[in-house]
1. Return the whole-Å distance between the Cα centroid of region 56-77 and the Cα centroid of region 27-55.
2. Hey, can you grab everything whose amide H is under 5 Å from the amide H of GLY163? Only 5+ residues off in sequence or another chain; H modelled, so Pro and N-termini drop out.
3. Could you calculate the FRET efficiency of ASP187 with TRP75 from 1/(1 + (r/R0)^6), where r is the beta carbon distance between them and R0 is 45 Å, rounded to 0.05?
4. Is region 58-200 best put as rounded, prolate or oblate by its Cα gyration tensor, with a ≥ b ≥ c the root eigenvalues, rounded for a/c under 1.5, and otherwise prolate when a/b is larger than b/c, oblate when not?
5. Whole-Hz Karplus ³J(HN,Hα) for region 168-178, in order, using 6.51 cos²θ - 1.76 cosθ + 1.60 and θ = phi - 60°, x for Gly and Pro?
6. Read phi for every residue in region 42-50 and hand back ³J(HN,Hα) as whole Hz from Karplus 6.51 cos²θ - 1.76 cosθ + 1.60, θ = phi - 60°, with x for Gly and Pro.
7. Can you run phi through the Karplus equation (6.51, -1.76, 1.60; θ = phi - 60°) for region 152-158 and list ³J(HN,Hα) in whole Hz, with x for Gly and Pro?
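Where a number appears in this text, it was derived from the coordinates with a stated rule and is not lab data. These figures come from a predicted structure and were not determined experimentally. Counting neighbours? That spans all protein chains shown, and the Cβs are built from the backbone with ideal geometry, glycine included.
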Amino acid sequence: MLDTVAPPSESDESFDLVSRSSAEELLARVARGDQAAFSELYDMLAPRVLGLIRRVLIDSAQSEEVAQEVFLEIWQTATRYEEGRGAATSWMMTIAHRRAIDRVRASQAGRDRDVKIGIRDIDTAYDQVAEQAEISIEHAKVKTALTRLTELQRQAVTLAYYGGYSQSEVAEILSVPLGTVKTRLRDGMIRLRDELGVAS
């Protein structure tokens, strides 16, 4: 199971209000194509971005690659930042977090592909058709169970478990307090468990 690490939030002790306004001002300038502002923004945030990515990926070389991808994305998409939807720093750290998670998933997919290639010629003693049918039935059960959740629970569960977002990110996306997201996820998972008949 992939353990996600939530990006630092505005409530972190290390978060500095002066840096926040500077980051927003710099990002606005970057959106207008100001290379000097981008350089300042990079110097300001590179350690935090790299630190977050390294916590997810562990591997230093991959972390540095992903950090470069993050800053390239920030340069290319700075015009998409909307100040009213949150702090610039949070927006950029969310990009970093998503990029790191994408790299973990890509690595896992590569390993899975290698395993499949390695075992595809081995005779298996199980009925593949029956297994696929069982998987389809399980997917249908989960889909039906999701429809029995409240809309708010379904949104939180879908974002967290299918979208791969952390609880903090779900709270930001849904514009609700973190405690509300935790409650929705807990209640939603309890209800799903009951609907699917899974013993606790």
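1. 11 Å
2. Close amide H contacts, sequence-distant or interchain: none at all.
3. On the way: r = 41 Å, r/R0 = 0.91.
Computed FRET efficiency for ASP187 and TRP75 comes out at 0.65.
4. Details: a/c = 2.97, a/b = 1.21, b/c = 2.46.
Oblate, since a/c reaches 1.5 and b/c is not below a/b.
5. Once θ is set to phi - 60°, the couplings for region 168-178 become 4, 5, 4, 4, 5, 5, 8, 6, 10, x, 4 Hz.
6. Karplus values, whole Hz, x for Gly and Pro: 4, 4, 6, 9, 3, x, 5, 4, 5.
7. Each residue's phi maps through the Karplus curve to give 5, 5, 4, 4, 5, 5, 5 Hz.
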